[in-house]
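The values are calculated or read from the model by the stated rules, or taken from the named source; none is laboratory data. These numbers were taken from a predicted model, which means no experiment stands behind them. Note: ideal-geometry Cβ built from the backbone for every residue, glycine included; neighbour counts use all protein chains shown.
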Amino acid sequence: MTFRSIHTANLQRTFKDALFEGIAPDGSLFIPEKIPALSPAFLNSLPTQSLHSIGVEVCSPFIDEIPKTDLEAIIKNAWNFPIPLARLNDQIYLLELFHGPTLAFKDVGARFMAGVMSYFLAREQREVSILVATSGDTGSAVANGFFNIPHISVVVLYPSGKTSPLQEQQITTLGGNITAIEVAGTFDDCQRMVKQAFSDAELRSKRSLTTANSINVARLIPQIVYYFWATAQLQKFRKGIPIVTAPSGNFGNLTAAVYSKWMGNPVQSFIAATNVNDVVPEYLRSGTFTPRPSVQTYSNAMDVGDPSNFARIQALYGNDLDKIRNDIYAVRITDEETVAEIRRMYEKFGYIADPHTVVGIAG
Ligand SMILES: *Cc1c(COP(=O)(O)O)cnc(C)c1O
C-alpha cells in the first residue's frame, strides 16, 4: 500500500517509509492512497474470529512489506491483553481498551508500532530517535511500549503539572532508552516543539527522527482493528448496526473508527465527543476549523486545541462538510456533565468509568 501526503498527492511513501518519517516533508499527514475493502466472506465470519486473526486481516492490506506470519507474531506480542466488550444494557456497550500495561488505550497502537519498528530496524541495523508530545497517556504508552527496544531512543515531551502523578512516574522512571522532558507549557506547546524539530533540516540531517503520536500511520492502522473486534463481540449479544461514539482529543481514535466503516465494518454513524476543547464540534456546526489554545479539563488526554487527525477525516470525505456531517455527529461535554455522567454510570450500572470514557457516553 502506498501512503501519500494529504497536501501533496505525489509525495508518496511505502508503509515503512511513512512509519519512519512520521510526518510528510510538506508538514501534512500521511494517508493511505485508498481504503481497502475487506471481503464479504471475512466480514460475515467476524463473530468466529479472534482479536489476533482480525488484526492480521485488517493490517495486512496496509502493510504488504511484512509477511503475514511475521505480522501475526508482532500482533500477538503487542496485544497480549484482552479487549473485552462490556455490556451495560441492550443499548450500551463499552469496548474496554484499558487492560494493557499502562492502562491507557494507547497501548494498543503504541505496542503495535514498537513491534513493526523493531521488526524493520533489526533487519537494517540503524538507529532512530522517537520524539513524542504527550498530555499523559501517549507518553506512558510509548515509553512503556518502546522501553529496552534495541536501536530506538525515545524522547517524551510532557507539560509540567498537567499529567497525573502516576503518568509522570510512568514517563520519567523507566530510564534506559527513554528520556523525559518536562515542558513549562501545555500539550500544544509540546506538540509544536515536536513539529518544529521535524521541520528542522539541520537536526534531521544529523539524527533519524520519527514520531509516535497518533499522526503516525503505524498507530492509526492497529486502531482500526478493534472496531472490527467490537463488531465481532457485539454480534454475539445482538443484531443491528451500532452507532459508535468515541471520546476524542487528537482524533486518531475516531479516524480509525471511520476507516473501519469504509473497510466494511457495519456502523451506522459516529459520535465525536470532545470536552470543552471543541474545535471539531464547532467546525461541524459553523463550517470553520479554528484551532485554539487547549484548556485543561478532567479528561486531560483529550485536551487538544488543534486536533491533527481531523485533516485525515476531511481528506477522506473530499473536504465535503455535508458528507462529514452525514456520518459524524460532534458534541462537546463540559466538566460538570463529565462528573454527572460518572455518577449516573455508577448509580445506574454499578460501572466505574473514567472521565474520558464518560465523555463518549454522555455524547
Ligand atoms: C488519547 C486518549 C483519548 C483521545 O484519543 P484521540 O485518538 O487522541 O482522539 C481519549 N481517551 C483516552 C483515555 C486517551 O488516552
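Assorted remarks:
- Note on the range 120-200: enclosed helices (runs of 4 or more DSSP H) holding 2 or more residues that are within 16 Å of the ligand (Cβ to nearest atom), in contact with a helix residue (DSSP H, G or I) (Cβ under 7 Å, 6 or more places away or on another chain) and over 15 Å from A212 (Cα atoms) are 165-172.
- Matching helices (runs of 4 or more DSSP H) fully within the range 1-111 where at least 2 residues are in contact (Cβ under 8 Å) with a residue 24 or more places away in the chain, touching a helix residue (DSSP H, G or I) at 6+ places or on another chain (Cβ under 7 Å) and surrounded by fewer than 18 Cβ atoms within 10 Å (Cβ to Cβ): 68-78
- When the residues of the range 282-317 are filtered to those that are within 28 Å of S160 (Cβ to Cβ), within 15 Å of the ligand (Cβ to nearest atom) and of a type in the set (S, T, Y), the one that is nearest to the chain's Cα centre (by Cα) is S308.
- Selection count, the range 325-350, where residues are more than 16 Å from the ligand (Cβ to nearest atom) and either surrounded by 20 or more Cβ atoms within 10 Å (Cβ to Cβ) or outside any helix (DSSP H, G or I) (or both): 2
- Filtered residues of the range 93-119 (kept if within 18 Å of V156 (Cα to Cα) and away from the ligand (no atom under 16 Å from the Cβ)): A114, M117
- Residue identified as hydrophobic (A, V, I, L, M, F, W, C), within 16 Å of the ligand (Cβ to nearest atom), assigned to a strand (DSSP E or B) and surrounded by 24 or more Cβ atoms within 10 Å (Cβ to Cβ) among A272, A256: A272
- Considering the range 275-296, the residues that are within 20 Å of D354 (Cβ to Cβ) and at pLDDT below 95 include one that is surrounded by the most Cβ atoms within 10 Å (Cβ to Cβ), namely S294.
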